[in-house]
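Below: the structure, in structure tokens.
The values are calculated or read from the model by the stated rules, or taken from the named source; none is laboratory data. Small disclaimer: the values here were computed from a predicted structure and weren't measured. Neighbour counts run over all protein chains shown; Cβ positions are idealised from the backbone, glycine included. Just the protein is used for accessible areas: all its heavy atoms, side chains included, with ligands, DNA and RNA removed. Shrake-Rupley method; radii C 1.70, N 1.55, O 1.52, S 1.80 Å.
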Amino acid sequence: MSSVSRNQDKIKDDALPVETREKAPNAPTPSEVDDYLCSKLLHPNYGKDLNFKKGIERANENNIPKIQISPLQGQFLSILIKSINAERVLEIGTLAGYSTSFISRALPSNGQIDTLEKSELHSKIAKENFLESDLFPFPNLHLGLGLNLLKKLNLPEEGPYDLIFIDANKDQIKDYFIESLRLLRKGGIIIVDNAIRRGKILPSSKDDPTIDVEGLRDLYDWIENDNGKTVLTSGIQTVGEKSWDGFIIATKLI
Ligand SMILES: C[S@@+](CC[C@H](N)C(=O)[O-])C[C@H]1O[C@@H](n2cnc3c(N)ncnc32)[C@H](O)[C@@H]1O
């Protein structure tokens, strides 16, 4: 077994609850369950779209990190967008446009998707992927540092955003969240990805906090201090092919 696959297995094991690991070493791993769910649930125009898959291959060929959301998470975003009848979505962190593709696909043809990315290479590959997938509405890709772009961003002419997906650097996540609240409609949704980080967000975690973990703790503190005035928020832990992580989901109350 190569060291890469050994590491991958370790990550899968770590994503299992400790009781399961100890009592049932042959229990299916969360990744195997993800594979099953994908085989049953992926939709031909979303997670099973061959152009979306080609987009990931193009990203891999260009050595772009494999840190996009999973297809099941992509379909979760699409479901949220459809269920709230979102017309305008903002994304912070495009990478090669995989999540952007799920967002665009779920929007009506008169919808709008703005996506912010700091890397020229990621932006270039993302645009190629958008063209290949024939996305409509075509995503507006804004190249630059997320916070600078956000501060300059005005509300779309038709009104505020209905949903904002925050999936970039975590050290500025509190500021991304606050700026997002300015741009979001009442009742709109914010999703913050990678918000659990295998439990390292806990102040009692034995690991020294990275700047990403410190950024997330700042956001959790901000939400605690808001005390329900501005947002109603939940945190959902996830396992699966992306190991143990999760997301914050919030709706704007005022
Ligand atoms: C986790 S990836 C986004 C994955 C993407 N949402 C998907 O699921 O397909 C994070 C992206 O944020 C970008 N990024 C990191 N720091 C940034 C910043 N300060 N401003 C804008 N983009 C940033 C990275 O270049 C990377 O492409």
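Taking every DSSP beta bridge that has both ends in the stretch 42-252, the antiparallel portion is near 40%.
At the listed q of 0.15, 0.19, 0.23 Å⁻¹, the Debye profile of the stretch 144-230, built from one uniform point per Cα, gives log10 I(q)/I(0) equal to -0.60, -0.90, -1.19.
For the set Lys174/Lys206; Lys54/Lys170; Lys127/Lys151; Lys82/Lys152; Lys54/Lys82, the pairs lying more than 26 angstrom apart at their alpha carbons are Lys54/Lys170; Lys82/Lys152. Cβ-Cβ distance of Lys151 and Asn225, R₀ of 30 Å, FRET efficiency by 1/(1 + (r/R0)^6): the value works out to about 0.85. For the chain, the dipole from Cβ point charges (+1 on Lys and Arg, -1 on Asp and Glu) about the Cα centre works out to 220 debye, to the nearest 20. Under 5 Å between amide hydrogens, built in the peptide plane, is the criterion, and for Glu91 it picks out Asp114, Thr115, Leu116, Phe165 among residues at least 5 positions away or on other chains. Remark: spin-label model distance Ser83-Arg198 equals 3.0 nm, labels positioned 7 Å along the Cα→Cβ axis.
Residues in the chain average 53 Å² of solvent-accessible surface per residue, probe 1.4 Å, ligands and nucleic acids excluded. Under 5 Å from the amide H of Gly246 lie the amide H atoms of Asn194, Ala195, Ile196, Arg197, Thr238, each residue being 5 or more positions distant or on a separate chain, with H modelled from the backbone and absent for Pro and chain starts. For the stretch 22-99 versus the stretch 140-204, the spacing of their alpha-carbon centroids is 20 Å.
When the helix-only estimate is applied to the chain (DSSP H runs of n ≥ 4, each -39,500 (n - 2.57), divided by the residue count), what is the mean residue ellipticity at 222 nm, nearest 500 deg cm²/dmol? Calculated at 222 nm, the ellipticity per residue is -13500 deg cm²/dmol. The accessible area of Ile67, taken with all protein chains in place and a 1.4 Å probe, comes to roughly 110 Å². Spin-label model, Lys127 to Leu232: label points 7 Å out along the Cα-to-beta-carbon direction sit 4.2 nm apart.
Here the chain has 52 percent of its accessible surface on carbon and sulfur atoms, given a 1.4 Å probe and all protein chains in place.
Normalised Debye scattering of the chain at q = 0.09 Å⁻¹ gives log10 I(q)/I(0) of -0.40, counting only Cα atoms as equal scatterers and leaving out solvent. Let me know the shape class of the stretch 78-173, please: from the alpha-carbon gyration tensor, a ≥ b ≥ c as square roots of the eigenvalues, rounded when a/c is under 1.5, otherwise prolate if a/b is greater than b/c, or oblate. Judged from the Cα gyration tensor, the stretch 78-173 comes out oblate (a/c at least 1.5, b/c at or above a/b).
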